[in-house]
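Peer 1: Here it is: the structure, laid out below.
Bear in mind that the values in this text are calculations on the coordinates, not laboratory data. Just so we're clear, the structure is a prediction, and the values are computed from it rather than from any experiment. Every residue, glycine among them, receives a Cβ derived from its backbone with ideal geometry; neighbour counts consider all protein chains shown.
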Amino acid sequence: MSDGAPIFELAELSVSRPGAVLPELDRFSLLLGAGESVVVLGEAGSGKEALMRVLGGFTEKSDAISGTIRLGNGEPRPAARRLRPAIRIAYLPSPLAQPFAPHATVLSQLSRVVARKLGSPQESAQEELRLALERMDGAPPLSSLNKKPAELNPVTMAWGLLAAVSAQTPDLVLADHPLADLGPTSVRMLLGVLAAEQKRLGFALVYATGGLQPATRLGGRVVVIREGRVVEEGDAVRLASGHAHAYTRTLYRALPQLSLDRPKARGAPRGQPLLQVHGLDLLADPKRGTRQGLTFELRRGASLALIGEEGSGRRALVRAVLGLDRAPVGRVVFDAVDLNILSQTMTSRLRRRIAFITGADDALDPRMTLWDTVDEPLRAHLDLSGDLIAGYREGALKRVGLASHDGRRTVATLSAFDRRRLQVARAIVGAPLLVVVDEPLRGLDAFAQTIMREVLTDFRTHQEPAFLVVTSDFTVAQARADEAMVFKDRKVVERGAIVDMLRAPKEKVTRRLIEAVTLPDLSRAPASV
Amino acid sequence: MSAAFDSPPHAAPMLRVILRVVGWCGLGLIAGAVALSDFLAHAPAGAANAGSILDAPSPAHPFGTDLLGRDLLSETLHGLSVTVGHALLGTIVAIVLGGLFGAVAARLPRPVGLALRGVMDVFAAIPALLLGILVIGLTARLYAPLAAGLAAAPLAFVRAFDRVDTKSTHAEYARATGISAATLLRRDLTYEFRDTLATVTARALAAVTIILSTVSFLGFGATPPARDLGLMIAAAKTSYLHAWWTAAAPAFALLILILCARLAAGLDESERP
């Protein structure tokens, strides 16, 4: 396929589901040439999913499809008809979308896919995979994939999926949110490898995403879609510059930049110590004596970010601090009470003043209704009348933008964005002293991220709880906290004011985390990863 | 890479939903027949010589008559009423002692909970019929409904115990914010039991009905004049080979009752709880 030759052309494509009020895609047209890339940017349910289904040829029987599709140099044909494609198409899913069967190793499953696509024996496919991984900077060895999906971390699986795509030497790659929620350093590295492989193999790339990192890093053409229709299409530089449709500007507002300016004083002056940690060591062996433990303090109304990659020890620290796991060595004082000397019952009582807002979608009981979820902390901890509880609930739901939802809906029926806001509403009614915010934007598209940031800021401004922010993203840390501790291998490697770290990071891991979220200035130079 | 992307999601099991509706409608009709049994019956319970002996089904006696000339339609309606009453009592015992205690035991300190589950596992391994007969032997035939409930309880206990997921992420987050174990138990009872109570009840009803009827058939259960369907079938043993209708009517009623309960429970025995 020569450069510039059309890889596919979609004309007037519409996709509808039975019973749905709006079509998933509404007269969508797109032309892509060999070696070109296009980022399809939109919220969840904007139509990206339907586009990928049609291009990938895995539409569902219930899909009502109209419009035409032309693949390679073939003739246009109705998009509803499934035919063997004239070009080689590789699919790159997110490792978090559970793309693997649980009972076989990732290596065997990837080899099978590559072998089927190349029409070669599985041994040759495995060799192609090995070669692909060896070509990629920073990729794990092939042997690391010889495990079942549950035993592998998502980043390693993402490397495997990327290698499988490369090994197929495709004409077209359909990247379906492939790097969503993998952490900024991994995203940066994998995007770089994807771009390098595209340059080397010359495949066309359709990259569906709800986040702005890929659009900003890959650059080039961006199609913004909403409710199945193209809002606008253009160059990433122009869309990011602000000269764009109001909706696109809203999406790009979710792209925070790191600021090297000293933060303004946040709200009221900090109060008495709320959380004091003395000599806590997650790695210590009590029999051998302690090593240098971790000591820090969080005052009432203050905020502290715990920054690091997955598995760096941030969550282990939070669990130890909150008494969910006992640290082998150290002392934790919460609200002037030593948690280590309290019984489980008393610790449980103290925890009433703690709230969690996490990126985990199963943090709320899926069986509970929206109203019950917000009411529970009030009913469990206080003796209030039904009217008072309803009043607090309504106030909290209004503040997070869920007041118009039917309160009898169960959590299971809510979107990830609504569930995240519901966590905030539940935290608001509990009037906590400490809020643990753990990757609060994970899995949300750009639009939802903007709203979520505003909701969290409003919560902090009105109730002034202390924030303990767990994240791998310096932009999230800077938006929510003034000071930070950087973790690596379950140890704190750097600590201090975030702005000082941004200006002069001392440790390599800190520098890497900052670089991962430092986006290229699209207005000055061509985008690069 | 295949399963998630190559095949469409499974279609909703509409047939099962339809069968469930049919099952509940059937149980509703049976409840209606039980409630109106005194009006629908041609004769009071145990009324001999309502017709001649061993009359075949006819317009006067749609189900025929038995050895004592009792109208079998009337007797079947009365027997159904007794069977359903006893089975409901046994079902309540099975649900409370099995399901409810299982859900509570799962929240006890882990070693205690597992020890209880182990004990219940042993009882669940014994055929429920033998367990029911054993309990009747230790008490009295009068307590047959309770014995049937107790015999069905171990399996309900194990199912309810296994259904409770104390290690779920949402439960852990709730505990981390001071929500007590009692509140979490209330949550489970409110949502889990509310959502599955109908299924659990229907399944227990089917199990208890089978135990009760078999126990009565073997002569360890209901005693005259309170004749349930099992006892009616047992009484027809001598006449069945030359007057099939004497056993067919109560057997058919029993079959319909158990089938409707099974359909209402969703048919699949492996389905929890």
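Peer 1: For chain B, modelled as a Gaussian network with Cα springs under 10 Å, which listed residue fluctuates most, B:Gly64, B:Gly90, B:Gly132?
Peer 2: Comparing B:Gly64, B:Gly90, B:Gly132 in the GNM, the peak value goes to B:Gly64.
Peer 1: Give, rounded to the nearest 20 debye, the magnitude of the charge dipole that chain B has about its Cα centre when Lys and Arg contribute +1 at Cβ and Asp and Glu contribute -1 at Cβ.
Peer 2: Rounded to the nearest 20 debye, it is 700 debye.
Peer 1: Also, I was wondering about something else. Taking the inverse of the average 1/r across all pairs of different Cα atoms in the stretch A:35-93, what Kirkwood radius in Å do you get?
Peer 2: Averaging 1/r across every pair of different Cα atoms and inverting gives 12.8 Å.
Peer 1: Sum up the charges of everything whose Cβ sits under 15 Å from the Cβ of A:Val106, counting Lys and Arg as +1 and Asp and Glu as -1, but leave A:Val106 out.
Peer 2: +3
Peer 1: When the chain is fully extended, how far beyond the present Cα-Cα distance does A:Ala97 get from A:Ala390, taking 0.36 nm per residue of separation?
Peer 2: Details: separation 293, 0.36 × 293 = 105.48 nm, distance 3.74 nm.
Value of the extension gain: 101.7 nm.
Peer 1: Ok, one more. Taking N as the number of residues in the stretch B:80-267, what value does Rg over Cα atoms divided by 2.2 N^0.38 Å take?
Peer 2: Dividing the Cα radius of gyration by 2.2 N^0.38 Å gives 1.20.
Peer 1: What do you get when you divide the Cα radius of gyration of the protein assembly as shown by 2.2 N^0.38 Å, with N the number of residues?
Peer 2: 1.19
Peer 1: To continue, here is another question. Taking B:Lys167 as the anchor, which aspartates and glutamates have their alpha carbon closer than 18 Å to its alpha carbon, excluding any fewer than eight residues away along the same chain?
Peer 2: A:Asp325, A:Asp361, A:Asp362, A:Asp365, B:Asp188, B:Glu192
Peer 1: Expressed as a rounded percentage, what relative contact order does chain B have, with Cα pairs under 8 Å and six or more residues apart?
Peer 2: 26 percent
Peer 1: Please give the charge dipole size of the stretch A:273-511, origin at the Cα centre, charges +1 on K and R Cβ atoms and -1 on D and E Cβ atoms. Round to the nearest 20 debye. Display every interim value, and only then the final one.
Peer 2: Numbers: 37 positive and 32 negative charges, 112 e Å.
Dipole about the Cα centre, nearest 20: 540 debye.
Peer 1: Along the charge dipole of the stretch B:81-218, pointing to its positive end and built from +1/-1 on Cβ of Lys, Arg, Asp and Glu, which listed residue (B:Val104, B:Thr166, B:Ala176) has its Cα farthest out?
Peer 2: The one lying farthest along the dipole's positive direction is B:Ala176.
Peer 1: Mind checking which of A:Pro154, A:Ala132, A:Ser111 is farthest towards the positive end of the stretch A:61-196's charge dipole, using Cβ charges of +1 (Lys, Arg) and -1 (Asp, Glu) about the Cα centre?
Peer 2: The one lying farthest along the dipole's positive direction is A:Ser111.
Peer 1: With all pairs of different alpha carbon atoms counted, what Kirkwood hydrodynamic radius in Å does the stretch A:168-240 show?
Peer 2: 13.1 Å
Peer 1: May I pose another question? Report the per residue volume, in Å³, of the convex hull enclosing the C-alpha atoms of the stretch A:273-511.
Peer 2: So the per-residue hull volume is 130 Å³.
Peer 1: Taking A:Lys488 as the anchor, which lysines have their alpha carbon closer than 20 Å to its alpha carbon, excluding any fewer than eight residues away along the same chain?
Peer 2: A:Lys506, A:Lys508
Peer 1: Given 37 °C and 0.692 mPa s, how large is the Stokes-Einstein diffusion coefficient of the stretch A:418-529 in µm²/s, with Rh as the Kirkwood radius over Cα pairs?
Peer 2: 210 µm²/s
Peer 1: Could you work out the local net charge near B:Ala222, counting Lys and Arg as +1, Asp and Glu as -1, over the other residues with Cβ closer than 12 Å to its Cβ?
Peer 2: +1
Peer 1: Further question: What's the FRET efficiency of B:Leu138 with B:Leu197 using the Cβ-Cβ distance as r and R₀ = 45 Å, to the nearest 0.05?
Peer 2: Once the sixth-power term is evaluated, E becomes 0.90.
Peer 1: Between B:Lys167 and A:His462, how many nm apart are label points set 7 Å from Cα along the C-beta direction?
Peer 2: The modelled label-to-label distance comes out at 3.9 nm.
Peer 1: Less than 21 Å apart at the alpha-carbon level, and either on another chain or at least 8 residues along: which lysines does that give for A:Lys48?
Peer 2: A:Lys61
Peer 1: Right, here's the next one. Does the stretch B:38-108 come out rounded, prolate or oblate, given a ≥ b ≥ c as the square roots of the eigenvalues of its C-alpha gyration tensor, rounded meaning a/c under 1.5 and, failing that, prolate meaning a/b above b/c?
Peer 2: Judged from the Cα gyration tensor, the stretch B:38-108 comes out prolate (a/c at least 1.5, a/b above b/c).
Peer 1: Non-local amide H neighbours of A:Leu92 (under 5 Å, H modeled in plane, Pro and chain starts lacking H): which ones?
Peer 2: Long-range HN contacts for A:Leu92: A:Leu174, A:Ala175, A:Asp176.
Peer 1: With +1 on each Lys and Arg Cβ and -1 on each Asp and Glu Cβ, how big is the dipole of the protein assembly as shown about its Cα centre, in debye rounded to the nearest 20?
Peer 2: About 1700 debye.
Peer 1: Okay, moving on. Report the equivalent ellipsoid semi-axes for the stretch B:184-225 in whole Å, largest first, defined as the square roots of five times the eigenvalues of the gyration tensor built from alpha carbon atoms.
Peer 2: Sorted largest first and rounded, they come to 34, 9, 7 Å.
Peer 1: Between A:Arg238 and B:Ala125, what is the label-to-label distance in nm when each label sits 7 Å out along the Cα-to-Cβ direction?
Peer 2: The two pseudo-label positions are separated by 7.5 nm.
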